[in-house]
Amino acid sequence: MIIMRIATILVILIGAVSLAITRPIYVSSVKDETDDFVEADNLVRHVRYLSEEAIPRSSKYPENLDKAAEYIKQELLSFTNEVSFQNYDVNNIGYKNVIASFGPDTDEVIVVGAHYDAFLRLPGADDNASGVAGLIELGRLLQSTELQHQVLLVAYSLEEPPHFAGESMGSYVHASSIENKKIKMMISLEMIGYFSDEPNSQSFPVSVMKLLYPTQGNYIAIVDKFRSNDAVGLKSAINKYTELPAYSINAPRSIVGIDFSDHRSYWAFGHPAVMVTDTSFYRNKAYHTKRDTYDRLNYQLMAKVVFGVFKYVQELSLSP
């Protein structure tokens with residue numbers, strides 16, 4: 001009898017923990033209109049330029065970072081006149097974020113960001129030209145969208161080591177500069193282009209997660225803090241408006257990878273923030289290698305990620 005009670009308690013605890021981590025939801029989906037709105041060819045063009053023409057993009061090559069920043073700025077200027085550089089110095093070398101503004105000047109803002117630097121001398125197509133390409137295409141979608149909150153699209157410098165987790169990260173610089181406004185939500189686009197239908201193509205930081213998530217890497221993940229519920233809205237939007245499955249994970253930062261991008265900088269200042277990712281090195285084995293090239297990415301599925309983020313930003317902007 002005692003053994004049965006203990007077993008029952010364990011089952012309840014395991015179930016509660018799994019629910020807390022995965023936050024399952026049900027949404028009624030609508031027709032996937034990604035192809036009517038998002039131009040996958042644009043995503044290819046942006047990723048190819050950044051990963052082949054503006055390399056290397058590490059902190060040791062500020063001239064290439066400037067080249068990438070100028071490219072991003074000029075692309076975003078096609079959609080809004082409000083594009084500027086946020087300049088800052090690290091060890092007497094100048095770096096910059098690119099900031100594009102959409103919608104009215106409101107006290108509460110939505111931030112979508114992606115870092116444009118790459119590790120060492122590597123092409124960095126998925127990491128993170130894919131996120132930047134999504135950011136630029138998001139700008140094209142926002143240009144003719146009714147917004148009731150200001151939306152800031154920010155391309156960051158210096159996310160990669162040796163600056164990662166430090167105050168020289170471009171995202172930290174931007175997050176620390178938000179003084180007179182409240183951030184309604186920050187969305188970090190971190191590696192959004194690699195997908196696989198192969199069995200066991202998805203790995204996990206903790207083996208038990210195989211029981212909670214698919215082991216085929218053909219979905220997008222939304223990463224959030226353990227005690228937060230900020231990922232649910234974005235996950236719901238992607239699942240509602242696209243045919244691409246979206247899963248969320250709410251986990252402590254002690255789990256490797258949970259805070260491995262620019263959203264961590266906004267967490268540091270108490271802002272709500274989530275990461276949208278193909279799960280990086282848990283799926284893409286070309287991570288931080290010379291094989292991280294533009295031709296390995298799935299631009300049709302990347303387009304669905306962008307469209308889902310767009311629909312969520314649209315909904316978030318129109319909500320009180």
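Scanning region 101-138 for residues that are of a type in the set (Ser, Thr, Tyr) and farther than 18 Å from Ile183 by Cβ yields a total of 2. Of all residues in region 46-71, none satisfies the criterion of being in contact (Cβ under 8 Å) with a residue 60 or more places away in the chain, surrounded by fewer than 17 Cβ atoms within 10 Å (Cβ to Cβ) and of a type in the set (Lys, Arg).
Each residue in region 109-133 was checked for being more than 12 Å from Glu75 (Cα to Cα), assigned to a helix (DSSP H, G or I) and not polar (S, T, N, Q), and 5 pass.
Screening the candidates Lys31, Lys73, Lys60 for the property of being of a type in the set (Lys, Arg) and either under 21 Å from Ala246 (Cβ atoms) or touching a helix residue (DSSP H, G or I) at 6+ places or on another chain (Cβ under 9 Å) (or both) yields one hit, Lys31. Sub-9 Å Cβ pairs linking a first residue in region 220-241 that is part of a loop (DSSP other than H, G, I, E, B) to a second residue that is charged (D, E, K, R), at least 6 apart or interchain, are Phe226/Arg253; Asn229/Arg23; Asp230/Asp224, ordered by first then second residue.
If the condition is being of a type outside the set (Val, Ile, Thr) and either crowded, with 17+ Cβ neighbours inside 10 Å or touching an Asp or Glu at 6+ places or on another chain (Cβ under 9 Å) (or both), then region 35-44 contributes Glu39, Ala40, Asn42, Leu43. Among residues of region 150-176 that are part of a strand (DSSP E or B), those with a beta-carbon under 7 Å from a residue that is acidic (Asp, Glu) at least six positions away or on a different chain give the pairs Gln150/Asp105; Tyr156/Asp262. When region 86-108 is filtered for residues that are touching a strand residue (DSSP E or B) at 6+ places or on another chain (Cβ under 9 Å), outside any strand (DSSP E or B) and either surrounded by fewer than 19 Cβ atoms within 10 Å (Cβ to Cβ) or among the aromatic types (Phe, Trp, Tyr) (or both), the ones remaining, listed by number, are Pro104, Asp105, Thr106, Asp107. Sub-8 Å Cβ pairs linking a first residue in region 191-202 that is at positive phi to a second residue that is assigned to a loop (DSSP other than H, G, I, E, B) and modelled with pLDDT of 95 or more, at least 6 apart or interchain, are Met191/Asp278; Met191/Thr279; Met191/Asn284; Met191/Tyr287; Asn200/Thr215; Asn200/Gln216, ordered by first then second residue. Return the residues of region 269-287 that are over 16 Å from Leu297 (Cα atoms) and in a loop (DSSP other than H, G, I, E, B); say none if nothing qualifies. Of everything in region 269-287, those that are over 16 Å from Leu297 (Cα atoms) and in a loop (DSSP other than H, G, I, E, B) turn out to be Phe269, Gly270, His271, Pro272.
Taken together, the criteria place Ala155 among residues that are touching a Phe, Trp or Tyr at 6+ places or on another chain (Cβ under 7 Å), closer than 23 Å to Tyr287 by Cβ and of a type in the set (A, V, I, L, M, F, W, C). Considering region 112-164, and only residues there that are of a type in the set (D, E, K, R) and under 14 Å from His288 (Cα atoms), the residue that is surrounded by the fewest Cβ atoms within 10 Å (Cβ to Cβ) turns out to be Arg121.
Go through region 72-85 and give me each residue that's among the hydrophobic types (A, V, I, L, M, F, W, C), surrounded by fewer than 21 Cβ atoms within 10 Å (Cβ to Cβ) and more than 22 Å from Ser168 (Cα to Cα). Residues satisfying the conditions are Leu77, Phe79.
Total residues in region 271-299 satisfying the condition of being among the β-branched types (Val, Ile, Thr) and within 18 Å of Asp197 (Cα to Cα): the figure is 2. Residues satisfying the criterion are present in region 85-100 (criterion: small (Gly, Ala, Ser), at pLDDT 95 or above and under 21 Å from Ser177 (Cα atoms)). Taking the conditions exactly as written (assigned to a helix (DSSP H, G or I) and either at pLDDT 95 or above or surrounded by 12 or more Cβ atoms within 10 Å (Cβ to Cβ) (or both)), does Lys31 satisfy them or not? Here the answer is no, as Lys31 does not meet what is asked. Which of the residues spanning region 68-85 are over 19 Å from Leu158 (Cβ atoms) and either outside any loop (DSSP other than H, G, I, E, B) or of a type in the set (Ser, Thr, Tyr) (or both)? Residues satisfying the conditions are Gln74, Glu75, Leu76, Ser78, Thr80, Val83.
The values are calculated or read from the model by the stated rules, or taken from the named source; none is laboratory data. Here the structure is a predicted model, which means the values were calculated and not measured. So basically every Cβ, Gly included, is an ideal-geometry build from the backbone, and we count neighbours across all protein chains shown.
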